[in-house]
1. Would you please classify the overall shape of the stretch 161-320 from the alpha carbon gyration tensor, given that a ≥ b ≥ c denote the square roots of the eigenvalues, rounded means a/c under 1.5, and beyond that prolate means a/b larger than b/c while oblate covers the rest?
2. Let me have the 222 nm mean residue ellipticity of the chain computed from DSSP H runs of 4+ only, each contributing -39500 (n - 2.57), with the sum over all residues rounded to the nearest 500.
3. Within the set of other residues whose C-beta is less than 9 Å from the C-beta of A173, count the net charge using Lys and Arg as +1 and Asp and Glu as -1.
4. Pick out, from P258, P161, G271, the residue whose Cα sits farthest towards the positive end of the charge dipole of the stretch 152-291, with +1 on the Cβ of Lys and Arg and -1 on the Cβ of Asp and Glu.
5. Just the number, please: carbon plus sulfur as a percent of the accessible area of the stretch 128-173, 1.4 Å probe, no ligands or DNA/RNA counted.
6. What is the angle, in °, between the Cα long axis of helix 65-75 and the longest principal axis of the Cα atoms in the chain? Nearest 10 is fine, range 0 to 90.
7. Taking the 0 to 90 degree range and rounding to the nearest ten, how far is the long axis of helix 197-211 tilted relative to the main principal axis of the chain, both from C-alpha atoms?
8. For the stretch 105-210, just say rounded, prolate or oblate: build the C-alpha gyration tensor, square-root its eigenvalues into a ≥ b ≥ c, call rounded for a/c under 1.5, and beyond that prolate if a/b exceeds b/c, oblate if not.
Amino acid sequence: MSLTTKLNELIAACFTGIWIETHEQQDALIEIAQLCHDQQWQLATWDIDRGLVTGGGESSDATDPLTAIRSVGAATSTDQTTILVISHLHRFIQSTEIMQALQQQILVGKQTRTFIIGLSPVVSIPVELEKLFVVVEHDLPNQQQLEEIARGIATEDGELPAPVELHRVLEAAAGLTRLEAEGAFSLSLVRNQRISADAVWELKSQTLRKSGLLNLYQGTEDFASLGGLDSLKTFCKRSLIRRSGKRPLPKGVLLLSPPGCGKSQFCKCLGKETGRPVLILDVGTLMGSLVGESEQRTRQALRIIDAMAPCVVMIDEVEKAFAGVGGSGGNDSGVSARMFGSFLAWLNDHRSDAYVVCTSNDIRKLPPEFGRSERFDGIFFLDLPGRQQKDAIWSIYLEQFELEHDQQRPDDTQWTGAEIRACCRLAALLDMPLTQAAHNIVPVAVTASEAVEQQRTWANGRCLNADAAGIYRHQTNTSSKRRTVNSNPSLN
């Protein structure tokens with residue numbers, strides 16, 4: 001629903017206090033002005049630079065919002081709808097005088113048909129006015145609006161890409177404001193003489209860094225650079241294949257394993273493999289020092305994710321982010337619990353094509369409701385790689401670090417993929433054979449053997465197997481072959 005439609009309904013229903021959350025105040029003003037013109041309403045705007053400006057363009061001496069509120073309230077009549085738009089209202093509303101004037105004018109406005117509209121990038125309403133304002137979100141441009149912007153900039157032949165490439169550009173521009181989209185398309189024209197997705201992604205990455213809430217990962221690794229995990233790869237790729245007709249949106253997966261088994265690397269490879277951007281959400285960056293700031297930043301991050309869909313969202317080591325939820329009330333006045341609740345509700349209810357991949361080294365530290373059905377499509381356990389997976393991992397890293405493939409390899413019985421990579425890197429760095437470089441490796445299955453065994457025991461029968469189709473089954477025998485891996489490609 002457009003901003004114009006929302007405002008038309010609210011004004012018809014006589015909501016005299018309206019708060020518009022927007023980062024594009026000029027575009028919101030244009031839409032409000034067009035609505036007032038169509039409905040023959042009287043419009044007045046106030047900002048700190050120009051003061052009070054009426055519909056005819058006349059400026060007054062109202063240099064502060066208090067004077068503007070009083071002036072508009074005194075000049076209204078019952079047979080004319082009057083709208084006062086105040087820019088950056090959150091900067092002034094904490095004043096006691098302005099707060100009281102707003103309270104009185106919003107109540108009186110129901111008789112005089114005078115409406116107060118505040119424009120602000122954040123919702124910051126004092127408790128005294130919470131029940132008097134209705135909050136409206138100014139949506140970011142959709143694909144149709146972005147295409148109109150692109151066509152308005154690319155006016156020469158050859159500057160607008162073919163339909164398939166244009167669709168990729170518009171997907172890349174999702175989540176940008178109108179001004180940011182104009183800048184990204186113009187930068188692309190300057191660099192490439194045509195609109196392309198590369199310049200859009202560069203600007204989008206900068207935009208995410210400015211928000212401080214999400215990071216955009218742009219790598220070149222795909223599934224060919226990741227050994228093993230055949231069942232997990234097949235499951236996620238089949239979930240994300242774009243098929244014709246209606247189908248449910250995929251939700252994501254929860255990955256459990258000891259450290260170094262490829263959880264984080266899988267998230268990064270998944271984005272490249274499926275052509276989706278990878279957004280990295282660090283829950284620690286959502287914490288704020290002010291009351292309500294953490295919850296607001298959480299909602300803002302989730303809105304950005306929805307706007308950037310289709311995408312892959314990576315939340316690494318999620319148990320460390322939400323481990324203290326159970327004692328949140330005594331530690332931080334319940335902030336962590338409220339953030340966790342918002343995240344759980346979004347996981348369950350969001351309608352955007354955002355594929356969430358959470359990784360954890362110990363799911364026992366997470367509340368049980370986190371992993372329930374319909375929050376994730378599947379919960380996978382990534383055990384230490386088997387012989388076939390280790391051979392594939394050795395081949396990848398021997399090639400990457402330009403080492404001899406036919407040299408003797410060390411005993412890797414309890415090694416993870418990260419430890420194989422470390423051995424290859426040290427061999428290349430120190431210019432020594434693999435067997436000698438292995439003397440610098442202490443496997444995590446040795447240093448934390450009890451914890452690894454506990455994770456395997458917990459995952460037995462509870463998780464899907466990342467290497468072979470079906471449920472993970474832990475072999476409790478003491479042989480060197482800890483588990484059975486199906487050598488055939490996964491069919492799930």
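The values are calculated or read from the model by the stated rules, or taken from the named source; none is laboratory data. Here the structure is a predicted model, which means the values were calculated and not measured. All Cβ positions, even for glycine, are placed from backbone atoms using ideal geometry, and neighbour counts span all protein chains on display. Keep in mind that these areas ignore ligands, DNA and RNA; they rest on the heavy atoms of the full protein, side chains included. Shrake-Rupley method; radii C 1.70, N 1.55, O 1.52, S 1.80 Å.
1. Oblate, since a/c reaches 1.5 and b/c is not below a/b.
2. -13500 deg cm²/dmol
3. Summing Lys/Arg as +1 and Asp/Glu as -1 gives -1.
4. Sorting the options by dipole projection puts first P258.
5. Here carbon and sulfur together make up 47 percent of the probe-accessible area.
6. 40 degrees
7. For 197-211 against the chain, the angle is about 80 degrees.
8. prolate
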